[in-house]
Amino acid sequence: MPKKTVLISGGAGFLGSHLCDWLIGHGFKVIAADNLITGSLRNVAHLKKNKDFKFMKQDVSKPFKVAGSVDYVMHFASPASPVDYMEHPIATMLVGSYGTHHLLEIARAKKAVFLMASTSEIYGDPLVHPQKESYWGNVNSIGPRSIYDEAKRYSEAAAFAYRRVYNMDTKVVRIFNTYGPRMQIKDGRVVPNFIDQILNNQPLTVYGNGQQTRSFCYVDDLVNGITKLLLSKISGPVNIGNPREFTILEFAELIRKKYNPKAKIVFKPLPQDDPKQRKPDITLARKELNWEPTVPLEDGIARTMDWFAKNYFQK
Ligand SMILES: NC(=O)c1ccc[n+]([C@@H]2O[C@H](COP(=O)([O-])OP(=O)(O)OC[C@H]3O[C@@H](n4cnc5c(N)ncnc54)[C@H](O)[C@@H]3O)[C@@H](O)[C@H]2O)c1
């Protein structure tokens, strides 16, 4: 049987490149389209010589064509960390609107399944805890994070509109905080921040009083969940994330104890609209995809720390 082809936008990013690895490893052909605004060719350098892998330097916010058949379209292009999307506010809105539209049109023309990377950010600063897919969210539509949150909400709406109007198979995954090798060390998210500070023997920075909560999913678990959704019959939205919840202060203490008991913890003001709590309800993923995370935070952090220690000076 001929191999199925996956077009993935954002394929040179953190999550996109891990998805490329999984897809190539499971017998798919992959076309990765990326303009490298926040990603890097280093993330896919090991796939360069693979005959089933093709890289296209492409801004997906502009219309583009892909030759040949495409069976799946995965839309993962978007600046994703607050530091990145605040540095590229307009590009973030464009890739989450025009970009989504262009990828939906390619999926429609090729009769492909479409899957988009949505986010827990669509729940905003949630008033319901943990967050179930049925919760509509609490987003400040004009706040500093709205460029990202609202673009993702628009993308979800577009995926469902195409489903209704063209009867397409469109899928939405709502990704909660994910970490692992190939994150950018300076992307401002808490895991690379703490790792950077540990590797540089600096104090750990906690924003606010550290009582805000987050849950962290190791990238391999996330990739398993997303690919199960891709190959399933369900459309979602489906939360994929790790429900083990920590306050940021507990997380800082855990890192400090294991890696540098002498490190100080310093407190800085909380950024505007920083969510107070985040924890996915993964009942739907458990039931419909038979998925749940398996990598304990301590193991995932150890693997990520090793990777950063080896690759740090190349960044
Ligand atoms: N990492 C997480 O915890 C997380 C959580 C929720 C959602 N997501 C979503 O997952 C996707 C990937 O996130 P990531 O953490 O890998 O971020 P990333 O920044 O590492 O990857 C994003 C990739 O998209 C590319 N890109 C951005 N705009 C583009 C454009 N206009 N045209 C082509 N390529 C473009 C970037 O160059 C980069 O390679 C994003 O859509 C993000 O919103 C990630």
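The values are calculated or read from the model by the stated rules, or taken from the named source; none is laboratory data. As the structure is a computational prediction, the values presented were derived from the model and not from experiment. A quick note on method: Cβ atoms are made from the backbone with ideal geometry, for glycine too, and the neighbour counts reach across all protein chains shown.
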Q. Within 13 Å of the chain's Cα centre (by Cα), surrounded by 20 or more Cβ atoms within 10 Å (Cβ to Cβ) and in contact (Cβ under 8 Å) with a residue 40 or more places away in the chain - does that describe any residue in region 149-158?
A. yes
**Q.** Qualifying residues in region 13-67 (those that are more than 7 Å from the ligand (Cβ to nearest atom) and of a type in the set (Phe, Trp, Tyr)) - the one farthest from SER118 (Cα to Cα)
**A.** PHE53
Q: Tally the residues that are at pLDDT below 95 and either more than 18 Å from HIS88 (Cα to Cα) or in contact with a His (Cβ under 7 Å, 6 or more places away or on another chain) (or both), restricting the search to region 137-166.
A: 4
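Have a look at ILE185, ILE198 and point out the one that is within 16 Å of the ligand (Cβ to nearest atom), within 19 Å of THR304 (Cβ to Cβ) and either surrounded by 23 or more Cβ atoms within 10 Å (Cβ to Cβ) or of a type in the set (A, V, I, L, M) (or both). Let's see the steps before the verdict.
Working: ILE198 fails: within 16 Å of the ligand (Cβ to nearest atom).
Matching residue, one of ILE185, ILE198: ILE185.
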(Q) Checking the structure you have, find out if any residue of region 120-128 is part of a loop (DSSP other than H, G, I, E, B) and surrounded by fewer than 16 Cβ atoms within 10 Å (Cβ to Cβ). (A) yes
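Take LYS111 and decide whether it is modelled with pLDDT of 95 or more, at positive phi and either touching an Asp or Glu at 6+ places or on another chain (Cβ under 9 Å) or away from the ligand (no atom under 14 Å from the Cβ) (or both).
Working: modelled with pLDDT of 95 or more: yes; at positive phi: yes; either touching an Asp or Glu at 6+ places or on another chain (Cβ under 9 Å) or away from the ligand (no atom under 14 Å from the Cβ) (or both): yes.
For LYS111, the condition - modelled with pLDDT of 95 or more, at positive phi and either touching an Asp or Glu at 6+ places or on another chain (Cβ under 9 Å) or away from the ligand (no atom under 14 Å from the Cβ) (or both) - is met.
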Q | Residue pairs meeting the criteria (Cβ under 9 Å; at least 6 apart or on separate chains; first aromatic (Phe, Trp, Tyr), in region 92-112; second outside any helix (DSSP H, G or I) and within 16 Å of the ligand (Cβ to nearest atom)) | A | TYR98/VAL60; TYR98/SER61; TYR98/LYS62; TYR98/PRO63
Q: Could you look through region 162-190, keep only residues that are out of contact with any helix residue (DSSP H, G or I) (no Cβ under 7 Å at 6 or more places or on another chain) and assigned to a helix (DSSP H, G or I), and pick out the one that is farthest from ALA285 (Cα to Cα)?
A: VAL165
(Q) Show me the helices (runs of 4 or more DSSP H) found entirely inside region 210-290 where at least 1 residues are within 20 Å of the chain's Cα centre (by Cα), within 16 Å of the ligand (Cβ to nearest atom) and at pLDDT 95 or above. (A) 219-230, 283-289
Q | Complete set of residues in region 70-90 that are surrounded by fewer than 21 Cβ atoms within 10 Å (Cβ to Cβ), part of a loop (DSSP other than H, G, I, E, B) and out of contact with any strand residue (DSSP E or B) (no Cβ under 6 Å at 6 or more places or on another chain) | A | SER81, HIS88
Q: Return a yes/no flag: does region 277-293 have any residue that is of a type in the set (Gly, Ala, Ser), touching a strand residue (DSSP E or B) at 6+ places or on another chain (Cβ under 9 Å) and under 25 Å from VAL6 (Cα atoms).
A: yes
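Yes/no matrix, rows are residues, columns are (1) among the small types (Gly, Ala, Ser); (2) surrounded by fewer than 12 Cβ atoms within 10 Å (Cβ to Cβ); (3) free of Cβ contacts under 8 Å to residues at least 40 places away in the same chain:
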site: ASP274; (1), (2), (3): no, no, no
site: LYS279; (1), (2), (3): no, no, no
site: LEU284; (1), (2), (3): no, no, no
site: TRP291; (1), (2), (3): no, no, no
site: THR294; (1), (2), (3): no, yes, no
site: LEU297; (1), (2), (3): no, no, no
site: GLY300; (1), (2), (3): yes, no, no
site: ARG303; (1), (2), (3): no, no, no
site: ALA309; (1), (2), (3): yes, no, no
Q: Hey, can you tell me all the residues within region 136-152 that are within 23 Å of ASN242 (Cβ to Cβ) and within 16 Å of the ligand (Cβ to nearest atom)?
A: GLY137, VAL139, ARG145, TYR148, ASP149, LYS152
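Output yes when any residue across region 91-101 is closer than 25 Å to ASN193 by Cα and in a loop (DSSP other than H, G, I, E, B), and no when none is.
Looking through region 91-101, none of the residues is closer than 25 Å to ASN193 by Cα and in a loop (DSSP other than H, G, I, E, B).
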Q) assigned by TED's automatic domain parsing to the domain that holds LEU222, within 15 Å of the ligand (Cβ to nearest atom), polar (S, T, N, Q) and modelled with pLDDT under 95, is that true of SER9? A) no
Q) For region 161-180, what are the residues that are surrounded by fewer than 18 Cβ atoms within 10 Å (Cβ to Cβ) and free of Cβ contacts under 8 Å to residues at least 60 places away in the same chain? A) ALA161, ARG164, VAL165, TYR166, ASN167
